[in-house]
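Below is one structure, written out as structure tokens; comments come after it.
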Amino acid sequence: MIGRKKREDNLWKIEYIDTIYKVYDWDKNLTGYFFPNYNVDLDKYHDNSDPNGKNDASLPDHEIEENIIEQMIKEKKNVRGGNLMLPMVKLNLLDHSEGIHLDYVISSLEENTQRTRKWKQWIHDNRQQFRIFGNSIYTAREDRNILSIVLGIDLSIVLDEKEIRKELKPLLDKLHQDELI
């Protein structure tokens, strides 16, 4: 029983890389990405810049933003919400060098329609509990056959791997329990 509790506590791993947090499952498979809402205000930053050049105001805005985000992470700042990107469906219909049988196409589309409806119902049933305020669908960059869903989440989150894991764990556990991830 103790071993099981420890395993359940370690189902998810969060790893920070270049302004985003990668989400891994218990087998170290990449499960998704979490994008915190950093809400960097560059106008405010430029208004407070040192006219004597003692800061990085001369850098391009994207570099300034990255520097601000890195500082926020070092200081374990609290941010409001973010976006969780997860795989939703795998089409298996694109990028075939030979033709695909019509029955296979119909079967794949029907299965994926059913899974997409399951996602829609899940969001409807769980949006309040997990503070999901929106969603969007994208084609995955790594595989055009995968459609990813991005869930907008309204949580108060500390920019720390362990804290983000703690906040996302109930949502990830429920998605796993309901066989969506």
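Observations on the structure shown:
- For the chain, the 222 nm mean residue ellipticity estimated from helices alone, with every DSSP H stretch of n ≥ 4 adding -39500 (n - 2.57) and the total spread over all residues, rounds to -12500 deg cm²/dmol.
- 3J(HN,Hα) couplings calculated from phi for segment 150-156 with the Karplus curve 6.51 cos²θ - 1.76 cosθ + 1.60 (θ = phi - 60°) are, in sequence order, 10, 9, x, 10, 9, 10, 7 Hz; Gly and Pro show x.
- Under a 5 Å amide H cut-off, with hydrogens placed 1.01 Å from N, F130 pairs with nothing among residues at least 5 apart or on other chains.
- The chain, relative contact order [Cα under 8 Å, separation at least 6], %: 24 percent
- For segment 158-164, the Karplus equation 6.51 cos²θ - 1.76 cosθ + 1.60, evaluated at θ = phi - 60°, returns couplings of 7, 6, 7, 3, 5, 5, 5 Hz by residue, with Gly and Pro reported as x.
- Spacing of the two label points (7 Å from each Cα toward its C-beta) at K22 and N126, in nm: 2.3 nm
- Computed lengthening from D178 to V158, 0.36 nm per intervening residue step minus Cα-Cα distance: 4.5 nm
- The chain, dipole about Cα centre (Lys/Arg Cβ +1, Asp/Glu Cβ -1), debye to the nearest 20: 960 debye
- Backbone amide hydrogens, once placed in the peptide plane, bring K77 within less than 5 Å of L159, excluding anything fewer than 5 places away on its chain.
Rule-based calculations on the coordinates, nothing more; no lab input. All figures in this text were calculated on a predicted structure; none of them were measured in a lab. When we count neighbours, we look across all protein chains shown, and the Cβ atoms used for this are built from the backbone with ideal geometry, even at glycine.
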